[in-house]
Every structure is written in C-alpha cells, then in structure tokens.
1. In the chain, what percent of the accessible surface is made up of carbon and sulfur (1.4 Å probe, ligands and nucleic acids excluded)?
2. Using only Cα atoms, tell me the angle between helix 3-13 and the longest principal axis of the chain; keep it within 0 to 90° and round to the nearest 10.
3. Rank 35, 266, 324 by accessible area, highest first, at a 1.4 Å probe radius?
4. Distance between the C-alpha centers of segment 208-257 and segment 62-90? Whole Å please.
5. Restricting to the chain, compute how many DSSP beta bridges are antiparallel as a %, nearest 5.
6. Straight-line reach from residue 190: which lysines have a Cα under 18 Å away, not including same-chain ones fewer than 8 places off?
7. On each of the three principal axes of the Cα atoms of segment 186-271, give max minus min coordinate, whole Å, ordered largest first.
8. Can you compute the FRET efficiency between residue 89 and residue 115 using 1/(1 + (r/R0)^6), with r the Cβ-Cβ distance and R0 = 35 Å? Round to the nearest 0.05.
Amino acid sequence: MADSSIKEVARLAGVSIATVSRCINKPEKVSEQTRSKVQSAIENTGYTPNSLAQRFRSGKTNQILVAVPSIGDPFFTKVMRGVRSAANALGYAIVIRETRQGMMSADEINVTLESKQADGLVLLNNMTFVAGRLNGADHPHPQPPAIQIDNAAAAREMTEYLIGQGHRRIGMICGRKKPSFAERERGFRKTMQEAKLKITNSWILDSENSLDGGRSAARQILKCRSGPTAIFCVSDELAIGCMREFQLAGLHVPDDISIVGFDDIRYAEVTNPPLTTVRQPAEEMGERIVHKLCAAIRGEKPGEPETQVVPHQLVIRQSVATPRR
C-alpha cells in the first residue's frame, strides 16, 4: 500500500503515522479511543496494511513452505493430505514449491527463512524439516530431523520375499537422486550378498522416478540375452511403467517375469495384475512432520529422537510367481 494511504488515515484520525502503525501492529499500546478513531479512518479509506511489512515486524508468517520433488507423484499426494490436515489444525497456511526431483540447497533454504517467505520448511525429498538457519551452504540438503520408514530394512524384507519365492536372478530399477531410493538399493544389495546371489550390473538401472522411467528401464532389460526372473522397483510408478513395457513386449506378469514396487500408491491395487509392494503410512508421515516442524518453530525441544522411524508393511498381491527358469 502506498505511503499516501497511511498518511490519509493519519490525517483523518488526527494522529501521527507512527500512531497508525502502532494501532495496526501493537494495538495494546494504544488507547481504546485512539484505536477507535484509527479504525474508523481505515474503514473510510479502505486502507489495507502491507502484509509483508507486518511479517518483518512480527517475525512470523504463519506459513510453511513444502518442497515437493514432483507435484504429480502419487506418493507425495498422499503425504500432502497429512501435511494439509496438520497445518490447518495448527493455523498454518501452505506454500508449495516443486523441485523437480532435486533438492533445495542450504542457501535456498536460508534465503527462504531470512526473507520471511515462511516460518519453516518441509522437504519431502528426504522427509525432513527445517525451522532455522542451516550452517554450511555446501551441504545440498539438511540431515535429520526426519520422519521415515527404515528403507533399507523394507528393501531387505522385499528381497527376502522374492528369494523365498524361488528367485535367484533379480534385477532392480532404482533412482539415486533420492536418499530413500539409495537406501532401498543398499538394502537390496546387502541382502543379495548375504544370500550369496550374484548381482548383475546390467540388471541394476538408475532411472527417473516416473512411468516413462520404468518403461525405459524395462526396454534396457529386454535387450539382455538372459534377463532376470524378477525386478524390484524402488517405487510403484517405476514398477507400473516397467510392467506395462514387459506386457507390450508379449511377456506375462508374473508367469514370465515377476515385478514388485514400493509405496503402495492408490494405483498399485488395480494394476493388472495387482502389484506386490511396500506400504508406507504416507498420510501419517505428513501429519507427523508438520507437528514436529511447528513445535520447532515454537522453540520447543524435542522429547524424542529427532528422526522418527515409522513402520512399513509388505503387501503381497499377484505380481510375483515362482520362476519357470
């Protein structure tokens, strides 16, 4: 709002500009009579205080910035339901920023907080949150606090399930840009090594986390002269894309090749065949991370470990069968 507007309010009320400012920002320090005159003048002029200026004065925005790798990712859609629910209950508005599979740097996070764009940030790429300035701008993303499942343990459980179904030739479609994906790959590799099973590098493919990424990786695997009998995909989107490409090539899932995913997105149960996957409590994770962030914004010290590990669940459906070869 232009300076002339607040000057007009002051003129009509018969007070100084400083008094108008105090009425808006610190009304308890102004007499009731003066507040009444200023309020009447504000209504007559239609003056609206500059919200950004008020943020700087109060030091609070009552906004949370949520950095989402991909707005269209079905898993993050579920997480965002929990984020919105908790934020609304706690009186915070949400600003969403899509990072396109990348991460916000420490510099970007610090600028967001220092410029009063938000009181804190939720970073869904690695399920962490930030309520204060980060030290060390060379770090691409903050370390815990975080809300997460034990990704390596979940990958171990899925790999052991495939081995238990008779699979010895197992490939993986992964994506190393996300810390959780790297942990899932680590869990897979360690389990294969402990089972004394060969890990074939041409069957371990790094891919963009999308349906197209899954299809592209599947085409690479189809080029192998002797391929795997099962594919472990680090997300359901990758698994669904992979499954579609194998079916287009004339293969039947799971009779010719077994495919499993991760996340249990809403489409996993209705694929053909329904997808075996790992379920994360996505909505609960979104709620928890906002509650922890808001407690940090209020200056409360955590009464529990900064990183909370929530339980996962192996969901067995029809996309896995005993291998024929």
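The values are calculated or read from the model by the stated rules, or taken from the named source; none is laboratory data. Since we're looking at a predicted model, the values are computed, not measured. Positions of Cβ are backbone-derived with ideal geometry, glycine not excepted, and every protein chain shown enters the neighbour counts. Side chains included, ligands, DNA and RNA excluded: accessible areas come from the protein's heavy atoms. Shrake-Rupley method; radii C 1.70, N 1.55, O 1.52, S 1.80 Å.
1. 47 percent
2. Relative to the chain, helix 3-13 is tipped by roughly 40 degrees.
3. Solvent-accessible surface, decreasing: 324, 266, 35.
4. So the two Cα centres are separated by 30 Å.
5. The antiparallel fraction comes to roughly 20 percent.
6. In chain and number order, the partners are 198.
7. Answer, in whole Å and largest first: 34, 29, 25 Å.
8. Rounded to the nearest 0.05, the efficiency is 0.85.
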